[in-house]
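Any read-out appearing in this document is the output of simple, stated calculations on the displayed coordinates, not a laboratory observation. These figures come from a predicted structure and were not determined experimentally.
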Amino acid sequence: MRAELAAGLLAPQASASPKFLYDALGSKLFEAICELPEYYPTRTEAAIFDAHLYDMARTIGRGTTLIDLGAGNCAKAARMFLMLQPLQYVPVDISVDFLRSAVDGLRQQFPQIRMTGIGMDFSTEMALPSAVRREKRLFFYPGSSIGNFTPEQAAALLGRIREACQGDGGLLIGVDLVKDKAILDAAYDDGLGVTAAFNLNMLRHVNGLLDADFDVRDWRHAAFYNEAASRIEMHLEARRDLTVRWTGGERRFAEGERIHTENSYKYTRQGFLQMLERAGFGAARTWTDEQGWFLVCHARVV
Ligand code: AVI
């Protein structure tokens, strides 16, 4: 991770992977983002699930092996348990300790569902252990987290999910849609500055990982919708000429120079369905909100 970080910081266009946004404080700041009036994705997706859960459950059917990618506190999947009645619940997350305590709580609430937590970085591999049932696998990937991958990486991830689906599996996924630039800009640059704090906090995390000397006061949050690329871009911009030093390296940044920290791609319904089709999924059903801001999609292996 240190080598990856240093290489990104030294590249002509400096960058750092969005995974470095999520230390303990970063995860809390992301939870706060989800409460912001400007950040519509979380509440819009929740409203779609509330309105259409019965229809979704009828489409999906009971007795699935529910595989929850990036499960976190498992709350989104748990809301579907009564309706879906999965035979096995398989939360997958890179943060194992957090997952363990969430699953312990759920086991007591739903003793009839077999639960198998897995610590894995599914963005690079999808190696499910043999304890995971092969039958009726339903991969659950909410929150438009797919948008934080480039379209090429997203297509590769969908391909890995398709492979792990076996013959009768499917995917239930949440995707943020293209919309007015002003709404998108505000969602990633809120008035309270919570998203700015989330972005700037990455520098504190990097200081810890690389023994670097970033001073957060020297940097400002920059986030905007790049219409040509159909993505939000998040950057950290130097407020003045400065040099950052870390163990084994240093870099000079001129005033206004940026570190690219995150992309959040927005899709059209049509574009996303095409990507699913290319990955080997079909028979898609979609649900959206009244404004057409967010899409929940179920598709089957074909
Ligand atoms: C986690 N992910 C889907 C969020 C998004 O909207 O791309 C991360 C985020 N970055 C800034 N605000 C929220």
Quiz item: So what's the gap between the Cα centers of the range 110-145 and the range 271-302, to the nearest angstrom?
Solution: 20
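Note down the relative contact order for the chain as a percent, whole number, built from C-alpha pairs under 8 angstrom at least six residues apart.
For the chain, the relative contact order is 21 percent.
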Practice problem: Let me have the 222 nm mean residue ellipticity of the chain computed from DSSP H runs of 4+ only, each contributing -39500 (n - 2.57), with the sum over all residues rounded to the nearest 500. | Solution: -11000 deg cm²/dmol
Quiz item: Under 5 Å between amide H atoms, partner at least 5 residues away or on a different chain: which partners does D68 have, H built in plane at 1.01 Å?
Solution: V90, V92, F140
Quiz prompt | Listed residues R252, R79, R160, most fluctuating in the chain (Gaussian network, C-alpha, under 10 Å) | solution = R252
Exercise. Compute the long axis of helix 96-109 from its Cα atoms, compare it with the longest principal axis of the Cα atoms of the chain, and write down the angle in degrees, 0 to 90, nearest 10.
Key: 30
Self-check item: ³J(HN,Hα), Karplus 6.51/-1.76/1.60, whole Hz, each residue of the range 37-51, x for Gly, Pro
Solution: x, 6, 8, 6, x, 4, 6, 5, 4, 4, 5, 5, 4, 4, 6
Quiz item: In whole Hz, what ³J(HN,Hα) sequence does the range 83-88 give by Karplus (6.51, -1.76, 1.60; θ = phi - 60°), x for Gly and Pro?
Solution: 6, 7, 6, x, 7, 9
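Can you flag which of K136/K266; K28/K266; K28/K136 are past 26 Å Cα-Cα?
Numbers: K136/K266 29 Å; K28/K266 24 Å; K28/K136 34 Å.
The answer is K136/K266; K28/K136.
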Quiz item: Amide H of E262: which non-local residues (sequence gap of 5 or more, or other chain) have their own amide H closer than 5 Å, using H built in the peptide plane?
Solution: M234
Quiz item: For the chain, what class follows from the C-alpha gyration tensor (a ≥ b ≥ c being the square roots of its eigenvalues): rounded when a/c is under 1.5, otherwise prolate if a/b is larger than b/c, else oblate?
Solution: prolate
Quiz item: Across the range 20-36, in residue order, what do the Karplus-derived ³J(HN,Hα) couplings come to in whole Hz, using 6.51 cos²θ - 1.76 cosθ + 1.60 with θ = phi - 60° and x for Gly and Pro?
Solution: 6, 6, 10, 8, 4, 5, x, 5, 5, 5, 5, 4, 5, 4, 5, 8, 6
